[in-house]
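The values are calculated or read from the model by the stated rules, or taken from the named source; none is laboratory data. None of the values given here were measured: they were computed from a predicted structure. FYI the Cβ positions are ideal-geometry reconstructions off the backbone, even for glycines, and counts take in every protein chain you see.
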Amino acid sequence: MTTIELTAMEAWSVAVLTATGLRQSDADWVAKNLVFAESRGVTTHGFLRLPVYIDRIRAGGINRAPNVSIVDDLGALVIVDADHAPGAASGVYAADLAAERAREFGIGCAIARNANHYGASGFFTSRIADAGLLGIAICNTESVMCAPFGGKPVLGTNPLAVAVPLPSDERPQLDMATTTASQGKLIMADQAGEAIPVGWAVDAAGRPTRSAAAGLAGALLPSGGPKGFGIAFAIDAILAVSGACMSPQVSALRGNPAHPQRLGQAFIAIRVDVVDTLDAYRERIHYLVDTIHSSGVEHQSAPPLAPGEPELARSLQLHGHMAVGDKLATQLAQLADAAGVPLPQFADLPA
């Protein structure tokens, strides 16, 4: 496996982003978000996204010097204007604000408008959980999901993430798109020339397809049919509180890079020590996870796992490295040449 150390990639990506004109503080958060995704094996939200971010910074769709600010303050509920900042940077601002208000009021909610793609949702919920709070994150995207019995895209992948405040090496956490597969999985399959499973997407005529390219030109299918579609709709409805664009109004991440996406982000932080101690809360979660682990049956080939455990396992396997395929290696080399920042050396994965 061809790999690069993530610590080296974080420093390299900060250098590339700042060379493109991004502020150091904003570049740091974008890089940390990409590294978080790669460290857990979630390559769909890792450095695959960096070339698109760079294009949008150069073209103006991502603001190089944003003024992320509070526009309405109700105490436990705060509305934020992201000013077209890099999504990871406005996301950290709003997530930290939600955590701050939760410590004061028991719960804090920060909803942002005029935001851009923020990468891995779990990055923000992990940050809230690291602060000893339960974290929830949602956002919307451009329309890529069709409705049940429909065929044209009307809602985004509209991801949902939840993390509980256990130590990071044993933390259950949910991080999911409301589509059967994320758009990133289709992008990766298309780049690799691989077929996708039936049930991931339909083509532009609304017909089931195994072509990633046809699926990207058509629509992704909601996870669980009307259930995933309903959750995606509910996420748009929550984000509408901030005045954010709804999915059909959001500019596509891979569309015109000069157009800010103007999507919505929301972060909720909840104190878990309200009726009991943090340790007592953690004991309840441990009990729940232990019950899941003990629920296996003989004929199954794999053990039952709590949300987030597959990603934790991949993190241990990667040993602080990220896998790099030929396509990504070419893209990263092109970015390195354009920015004048040498790409870190490839390395073998430690045994």
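Within the set Gln317, Gln265, the sole residue that is in contact with a Gly (Cβ under 7 Å, 6 or more places away or on another chain), of a type in the set (S, T, N, Q) and touching a residue at least 12 places away in the same chain (Cβ under 8 Å) turns out to be Gln265. One residue alone among Ala204, Ala214 is part of a helix (DSSP H, G or I), of a type outside the set (Phe, Trp, Tyr) and over 25 Å from Ala115 (Cα atoms), and that residue is Ala214. Every condition in (1) over 21 Å from Gly46 (Cβ atoms); (2) surrounded by 14 or more Cβ atoms within 10 Å (Cβ to Cβ); (3) in contact with a helix residue (DSSP H, G or I) (Cβ under 6 Å, 6 or more places away or on another chain) is met by Leu335 except one, and the failing one is (1).
Asp175 passes every criterion in (1) buried (at least 21 other Cβ atoms within 10 Å of the Cβ); (2) touching a helix residue (DSSP H, G or I) at 6+ places or on another chain (Cβ under 9 Å); (3) in a helix (DSSP H, G or I) apart from (3). For segment 283-331, filtered to residues that are among the hydroxyl-bearing types (Ser, Thr, Tyr) and modelled with pLDDT under 95, the residue that is surrounded by the fewest Cβ atoms within 10 Å (Cβ to Cβ) is Ser301.
Can you go through Ser251, Ser242 and tell me which one is of a type in the set (Ser, Thr, Tyr), farther than 21 Å from Met145 by Cα, buried (at least 18 other Cβ atoms within 10 Å of the Cβ) and within 26 Å of the chain's Cα centre (by Cα)?
Numbers: Ser251 fails: farther than 21 Å from Met145 by Cα.
Result of the check over Ser251, Ser242: Ser242.
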